[in-house]
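Have a look at the structure below, then the notes.
The values are calculated or read from the model by the stated rules, or taken from the named source; none is laboratory data. Since this is a predicted model, take the numbers as computed values, not measurements. Here the Cβ is made from the backbone with ideal geometry for all residues, glycine too, and neighbour counts use every protein chain on show. The protein model used for the area step is the full one, side chains on, heavy atoms only, and it has no ligands, DNA or RNA in it. Shrake-Rupley method; radii C 1.70, N 1.55, O 1.52, S 1.80 Å.
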Amino acid sequence: MLIAFGGLPAVGKSALSTALARRIRAVHLRIDTIEQAMRNAGFTVSGPEGYLAARDLAEDNLRIGHTVVVDSVNPLTITRDYWRETAAAMEVELVEIEVLCSDKCEHRRRVDSRHADIRGLALPTWQQILDRRYEPWPTAHVIDTAGISLEESVSRAEAIVHTAQAAGDGSTAQGRWR
């Protein structure tokens with residue numbers, strides 16, 4: 001199974017995707033980690049490089065039977081298509097999960113209070129997050145992290161994954177958790 005997370009910075013997707021990967025014993029691929037490693041090695045990252053590297057790593061892991069969780073902003077249809085195409089090519093179920101924080105005050109508090117957990121990573125400012133292009137994602141399940149604990153968010157994500165596993169028919173039904 002391939003589980004593709006997305007959402008604006010500071011909504012809780014990295015904490016959620018990491019905790020879910022740990023709980024279901026999946027490989028966790030984080031675009032921020034990949035892109036920052038490229039920058040730390042002296043490369044300029046200005047396009048899809050991190051997503052393409054993650055896609056290829058996902059294929060390697062899916063090929064040997066691992067479930068893969070991908071953690072990224074995943075803001076555009078084109079980036080989301082990478083995961084759809086990968087799942088189709090590898091003949092695995094795709095679960096798309098969009099994480100949001102509907103409480104704008106809480107979202108901004110998270111932005112202003114967080115610290116980078118990746119060496120060298122410059123976190124975006126609130127204004128940069130507001131200015132970011134982020135396309136609607138109608139095929140994703142939505143988990144709103146405003147007012148709920150990480151544990152509740154993980155339980156909701158796990159329920160989405162289990163529902164997809166039970167369906168096992170190659171379809172990805174939409175769902176909204178609020």
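Side notes on the structure shown:
- The computed Cα extents along the principal axes in Å for the structure shown corresponds, within (i) 42, 39, 28; (ii) 60, 38, 32; (iii) 69, 35, 35, to (i).
- Stretched out straight at 0.36 nm per residue, the stretch from D117 to L130 would grow longer than its current Cα-Cα span by 2.5 nm.
- In a DSSP loop and with at most 16 other Cβ atoms within 10 Å, the trypsin sites (Lys or Arg not before Pro) in the range 10-50 are R25.
- Full-extension gain in nm, S149 to E85, via 0.36 nm per residue minus C-alpha separation: 19.8 nm
- Inter-label distance, nm, simple model (7 Å from Cα along the C-beta direction), A166/A15: 2.8 nm
- Per residue, the chain exposes 51 Å² of accessible surface when a 1.4 Å probe is rolled over the protein heavy atoms with every protein chain present.
- Peptide packing for 79-89, 128-138 was compared via the average number of neighbouring C-beta atoms within 10 Å per residue; ordered from the highest value, the list is 79-89, 128-138.
- Per-peptide average of other Cβ atoms within 10 Å, ordering 71-78, 107-114, 43-50 highest first: 71-78, 107-114, 43-50
- Computed helical MRE - 222 nm, the chain, DSSP H runs ≥ 4 contributing -39500 (n - 2.57), nearest 500: -15000 deg cm²/dmol
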